[in-house]
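Below: the structure, in structure tokens.
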Amino acid sequence: MKIGFLEAKSDRFINDVIARIDGFETEFISLSACAVPIAGDYRVVVDRLSFRFPYLGEVVKSYAIGGAYVINNPFASALTNKLVDMKLAAGLGIPVPRTVALPRLDGFEETEGAVTAIDWEKALEGIGFPCILKPYDGYAWDDVYVVSSLEELRTKYESLTSRPVMLAQQLIRYRDYYRAFCINRKDVLFARWIPRPLGMGEFPGSDLKPIESLVEQLSSMTVRLNEALDLDVNAVEWCLDEDGRPWLIDAFNEVPDIRRENLPQNYYNWLVERFANCIREKAESGKRNRTVFGTSRVL
């Protein structure tokens, strides 16, 4: 049985993971001359690139329909975004800041019967200022802003025309912030985190004292969320507000940036080992990804 990796061959984390997988043939997938639908003899495909390249999203869907188990499920990943995640988490009883999608009605004035005037105050009801403005499909805190007034929000929003959907989110003033890595929907690792845009976030240390009494509860909610999202690998972000109450800030990061130089060594080793175990377990299980289509024949 073969395990294929859709990732840059130079990625140190994936190479360290591969070094811990025994008994299986492993290789980096090359697609230079392939068109979808695509056949393959992979038992498991580890996908860490399709979030950047839509074509690769169709490739991994084809692999999944053909019988490979893809980490993460490409059908689940394609259906989620930061607004869906917040709504889903709230439905699971997980505390989340109020989040709304802002109207983007460019061109609607030409459509008979369409709403043409945005009631901004109504759209932002319950959000308050200052608040967070961010894309519904953002990554690495890119285009995330704190805005202090309706005028500032509208000005910034109107400048972001390349972003099809933007969210306004209630600002939670936090005293502690953590990234929780969840592997195989059962193993959770909390790491203190300083969020910054463009991949410049920092793990300042491994102090868990601020959430010591909450680890079991937060772990349970993290696992429950990932089961609902159908994700085998994810990193979610939790914060404690000034009163010590936990809030889920970001529920979806299916390709977390894992770099040895940025993490405490024992944390990095934990992630490598758990990731390798997850891949091995899927390879040995014979499981397939869930899809909305049911069981499909091999393409």
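With the requirement that a residue be surrounded by 14 or more Cβ atoms within 10 Å (Cβ to Cβ), in a strand (DSSP E or B) and either in contact with a helix residue (DSSP H, G or I) (Cβ under 8 Å, 6 or more places away or on another chain) or of a type in the set (Gly, Ala, Ser) (or both), what does the stretch 170-205 give you?
First, the residues of the stretch 170-205 that are surrounded by 14 or more Cβ atoms within 10 Å (Cβ to Cβ): 170-172, 174, 176-185, 187-193, 195, 201, 203.
Retained after the next criterion (residues that are in a strand (DSSP E or B)): 170, 174, 176-183, 187-192.
Selection gives Asp176, Tyr178, Ala180, Phe181, Cys182, Ile183, Asp187, Val188, Leu189, Phe190, Ala191.
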(message) Would you confirm whether or not the stretch 22-37 contains a residue that is loosely packed, with under 15 Cβ neighbours inside 10 Å and within 22 Å of Asp230 (Cα to Cα)?
(response) no
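Results for (1) touching a helix residue (DSSP H, G or I) at 6+ places or on another chain (Cβ under 8 Å); (2) more than 18 Å from Lys134 (Cβ to Cβ); (3) surrounded by 21 or more Cβ atoms within 10 Å (Cβ to Cβ), shown as yes or no for each residue.
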| residue | (1), (2), (3) |
| --- | --- |
| Val236 | yes, no, yes |
| Asp241 | no, yes, no |
| Glu261 | no, yes, no |
| Gln265 | no, yes, no |
| Leu271 | yes, yes, yes |
| Arg280 | no, yes, no |
(request) Check Tyr136, Tyr178 and return the single one that is more than 28 Å from Asn277 (Cβ to Cβ) and not basic (Lys, Arg). (result) Tyr136
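Only one of these is of a type in the set (Val, Ile, Thr) and at pLDDT below 95: Val165, Val223. Name it.
Going through Val165, Val223 in turn, just one is of a type in the set (Val, Ile, Thr) and at pLDDT below 95: Val165.
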(request) Starting from the stretch 263-290, keep only residues that are of a type in the set (Ser, Thr, Tyr), then list their pairs with residues that are assigned to a loop (DSSP other than H, G, I, E, B) whose Cβ atoms are within a distance under 9 Å, requiring at least 6 positions of separation or different chains. (result) Tyr267/Phe203; Tyr267/Ser206; Tyr268/Ile258; Tyr268/Arg259
(request) Could you tell me whether Val46 is under 18 Å from the mean Cα position of the chain (by Cα), in a strand (DSSP E or B), crowded, with 19+ Cβ neighbours inside 10 Å and outside the structural domain of Cys182 (by TED's automatic domain parsing)? (result) yes
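The values are calculated or read from the model by the stated rules, or taken from the named source; none is laboratory data. The shown structure was predicted, so the numbers you read here are calculated from the model rather than taken from an experiment. Ideal geometry is used to build each Cβ from the backbone, glycine not excepted, and the neighbour counts take in all protein chains shown.
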